[in-house]
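One structure below.
The values are calculated or read from the model by the stated rules, or taken from the named source; none is laboratory data. Since the model is a prediction, treat every value here as computed from it, not as a measurement. Using ideal geometry, Cβ is built from the backbone for each residue, glycine included, and neighbour counts are taken over all protein chains shown. Note: accessible area is taken over every heavy atom of the protein model, side chains too, but ligands, DNA and RNA are not part of it. Shrake-Rupley method; radii C 1.70, N 1.55, O 1.52, S 1.80 Å.
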Amino acid sequence: MENANTEKKIILSGIQPTGTFTLGNYLGAVRNWQKMQEDYNCYYFIADLHSLTIHIDPAQRKKQTLEAFALLLACGIDPEKSLIFVQSHVRSHAEMGWLMSCCSQFGELSRMTQFKDKSSKHPENINAGLFTYPALMAGDILLYQADYVPVGADQTQHLEFTRDIATRFNHNYGENFKLPEGYFPKAGARVMSLQDPTSKMSKSDTNPKATISILDEENVILKKFKSAVTDSEAKVCYREDKPGVSNLMVIYSAITGKNMADIETEFAGKGYGDFKVAVGQTVADELKPIRERYKDLMNNRKALEALMKSGAEKAEYIARKTLTKTQKKLGLLPASR
Ligand code: TRP
């Protein structure tokens, strides 16, 4: 990181520690994060402060944070190339979050669809953090003067909000923040549930057959693909009215790099059975080294903690610069040190 090429653009993204990543998280996001390391200065973090907006058992949160960190490493995020850290270890995030909250309007936060969705799903816990969540997220991004933020469709509104806050701040207090742009990689596959291919594969799905965890063992993966929902035509082709097979093709294509036409040719005249085995085996082969690296990492807790510590220190050093500049612009009296 010390020798990071300053010409390179900055990419930043966060992922919440709310459960083992799915094949969807992997093919849709994390695998691309790993690829982007060569061309960008990448900052990736576990958004544990964001996870406080929903109720999770504290012991569970702790465990999942450690696991998520190890999973990113296992998926090939290289701490020599990228900055990887846990959000709450870098105090600037919480501090910047407050400053950004004070620059956010009640009206604009009220319009966030994620807030509306989550508050209707958890009416028993509509906490203030759930409401100011976009301000914390804006702080995460602006602290690092990020150029690009790879986010899923569910987060684009938050990114727009970040740009709005940054624009307003720069206008009111003088140039301070770079305006981040969304990053939508061409290769980002949108993976759907194996049981209901019209909805996204989700960590929180209650049907275990619907999702592939990236730590699933080979036999489990093969079994889940065998029972994936398809249709009765028994012809491998990519069509809107065949969401099940199309989803399997998306997965197969994302890993092998083959396009849809190639896949149709490869499986012409073969039934779904063969195709499902092929997809399952491809996925199992892709995930095997990740599972092994993950086990090694989790067995060496000390080394893992050392990586967390150095990641957090480097991040804090970078983030502090913007935080200090922002505090100054807002007229907070500098503390004597
Ligand atoms: N809100 C994001 C999610 O739930 C996670 C996140 C937090 C994030 N801060 C971020 C993503 C900053 C990108 C940039 O998926």
Exercise for the section: Mind listing whichever residues of the stretch 212-237 are at pLDDT 95 or above and open to solvent by 50 Å² or more (accessible area, probe 1.4 Å)? Expected result: GLU217, GLU218, ASN219, VAL220, LYS223, LYS226, VAL229
Problem - Selected residue (criterion: farthest from the ligand (Cβ to nearest atom)) from residues of the stretch 124-156 that are of a type in the set (Val, Ile, Thr) and farther than 25 Å from ALA189 by Cα - result: ILE126
Handout entry: Hits in the stretch 184-206 (condition: at pLDDT below 95 and open to solvent by 60 Å² or more (accessible area, probe 1.4 Å))
Key = PHE184, LYS186, ARG190, THR198, LYS200, LYS203, SER204, THR206
Exercise for the section: Residue by residue through the stretch 109-132, note down the ones that are surrounded by 14 or more Cβ atoms within 10 Å (Cβ to Cβ) and either within 19 Å of THR167 (Cα to Cα) or under 19 Å from the mean Cα position of the chain (by Cα) (or both). Expected result: LEU109, MET112, GLN114, PHE115, LYS118, LEU130, THR132
Completion exercise
Just one listed residue, out of LYS302, LYS276, LYS258, LYS288, is open to solvent by 20 Å² or more (accessible area, probe 1.4 Å) and within 27 Å of SER88 (Cβ to Cβ), and it is LYS302
Practice task
Hand me the list of helices (runs of 4 or more DSSP H) wholly inside the stretch 1-105 holding 3 or more residues that are modelled with pLDDT of 95 or more and within 12 Å of the ligand (Cβ to nearest atom).
Solution key: 48-51, 92-101
Exercise for the section: Could you list all residues from the stretch 162-176 that are over 16 Å from SER110 (Cβ atoms) and within 14 Å of the ligand (Cβ to nearest atom)? Expected result: THR162, ARG163, ALA166
Fill in the blank from the handout: Within the stretch 66-105, residues being open to solvent by 10 Å² or more (accessible area, probe 1.4 Å) and closer than 25 Å to ALA128 by Cβ number 12
Exercise for the section: For VAL245, work out the one condition from (1) open to solvent by less than 20 Å² (accessible area, probe 1.4 Å); (2) in a helix (DSSP H, G or I); (3) out of contact with any Pro (no Cβ under 9 Å at 6 or more places or on another chain) it doesn't fulfil. Expected result: (3)
Practice task
Being touching a helix residue (DSSP H, G or I) at 6+ places or on another chain (Cβ under 6 Å) and either over 18 Å from THR324 (Cα atoms) or within 11 Å of the ligand (Cβ to nearest atom) (or both) narrows it down to one of LEU179, LEU159, so name that one.
Solution key: LEU179
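Conditions tested, residue by residue: (1) touching a residue at least 24 places away in the same chain (Cβ under 8 Å); (2) over 25 Å from the mean Cα position of the chain (by Cα).
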site: THR198; (1), (2): yes, no
site: SER202; (1), (2): yes, no
site: ILE214; (1), (2): yes, no
site: VAL220; (1), (2): no, no
site: PHE225; (1), (2): yes, no
site: ASP231; (1), (2): no, yes
site: ARG239; (1), (2): no, yes
site: TYR252; (1), (2): yes, no
site: GLY257; (1), (2): no, no
Handout entry: Only one of ASP140, ASP154 that is open to solvent by less than 80 Å² (accessible area, probe 1.4 Å), in a helix (DSSP H, G or I) and among the acidic types (Asp, Glu)
Key = ASP140
